[in-house]
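Written out below as structure tokens is the structure these notes cover.
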Amino acid sequence: MARIIGPFCKLCRQEGMKLFLKGKRCYSDKCALARRDYRPGEHGFLPRKLSPYGLQLREKQKVKKIYGILERQFKRYFREAKRVKGMTGENLLLLLERRLDNIIFRLGFSLTRAGARQLVRHGHFLVNGKKVDIPSYSCKVGDEISLKARSREIVRIKEDMKISQDREKAPWLEVDWENFKGKVARLPKKEEIGLPIQEQLIVEYYSR
């Protein structure tokens, strides 16, 4: 399985925003962006002026980092978004939000999408009562995501859930903390995703 490797904190500093890639560290004073709010590198503190192409590229790279996917898979999502009726940019974000690893992150069973991806790959979650170990599985309205009974005592999951209860909840998901499950109540709206993404720049990048 392809995955992003390397120093995650540098990715946040490069984009100038928290991407929440390091779990508990992102919620503490140890966050690298909180301590050094400038780009990594010798000249990171200097202002940077980007060309229109540079802005488009940076936006695409930012979204890839947020959802933890690589270029080939991202292109497939974009082609699929173009085929679906509606605005291509919004369709793209909707496809990314429907990924199983993202929904598990949104429900609060993990503090990072990378952590949620690992849990899915290890077979800890059920979708409508059946084991699904594909992080890119696209969930539909009405799907119920639950944690396996034998996985409910994993310390890491319980700690992440405790921290997640203080996070803002995704209004398009229903969470049942006591029974370790959640449900896709409806599809999210663009403004409910809660990420500073200019999806039109991504459309312009791939439309060159």
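Bear in mind these aren't lab numbers, they're just calculated from the coordinates by the rules spelled out. All figures in this text were calculated on a predicted structure; none of them were measured in a lab. Reconstructed Cβ throughout: ideal geometry from the backbone, glycine too, with neighbour counts over all protein chains shown.
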HN-Hα J in Hz across segment 51-62 - Karplus 6.51, -1.76, 1.60, θ = phi - 60°, x for Gly and Pro:
6, x, 5, x, 5, 5, 4, 5, 5, 4, 5, 4
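Which shape class, rounded, prolate or oblate, goes with segment 99-186 when its Cα gyration tensor gives a ≥ b ≥ c as root eigenvalues, a/c under 1.5 marks rounded, and past that a/b bigger than b/c marks prolate?
Details: a/c = 1.33, a/b = 1.05, b/c = 1.27.
Because its axes are fairly even, with a/c under 1.5, segment 99-186 counts as rounded.
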Trypsin sites (Lys or Arg not before Pro) in segment 157-204 lying in a DSSP loop, each with at most 16 other Cβ atoms within 10 Å of its Cβ, come to R167, K169, R186, K189
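Could you list the GluC sites (Glu not before Pro) in segment 105-203 that lie in coil according to DSSP, counting only those with at most 16 other Cβ atoms within 10 Å of their Cβ? Before the final figure, lay out each step's value.
Values: sites: E144, E153, E159, E168, E174, E178, E191, E192, E199; in loops: E153, E168, E178.
Filter output for segment 105-203: E153, E168, E178.
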Contour minus Cα-Cα distance for A149 and E80 (0.36 nm per residue):
21.3 nm
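On full extension of the chain, what length is gained from L57 through V141, given 0.36 nm per residue of separation minus the C-alpha to C-alpha distance? Before the final figure, lay out the partial values.
Details: separation 84, 0.36 × 84 = 30.24 nm, distance 3.20 nm.
Extra length from L57 to V141 when fully extended: 27.0 nm.
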Enumerate by residue number the trypsin sites (Lys or Arg not before Pro) in segment 53-128 meeting two conditions: DSSP loop (anything except H, G, I, E, B), and at most 14 other Cβ atoms within 10 Å of the site's Cβ.
K85
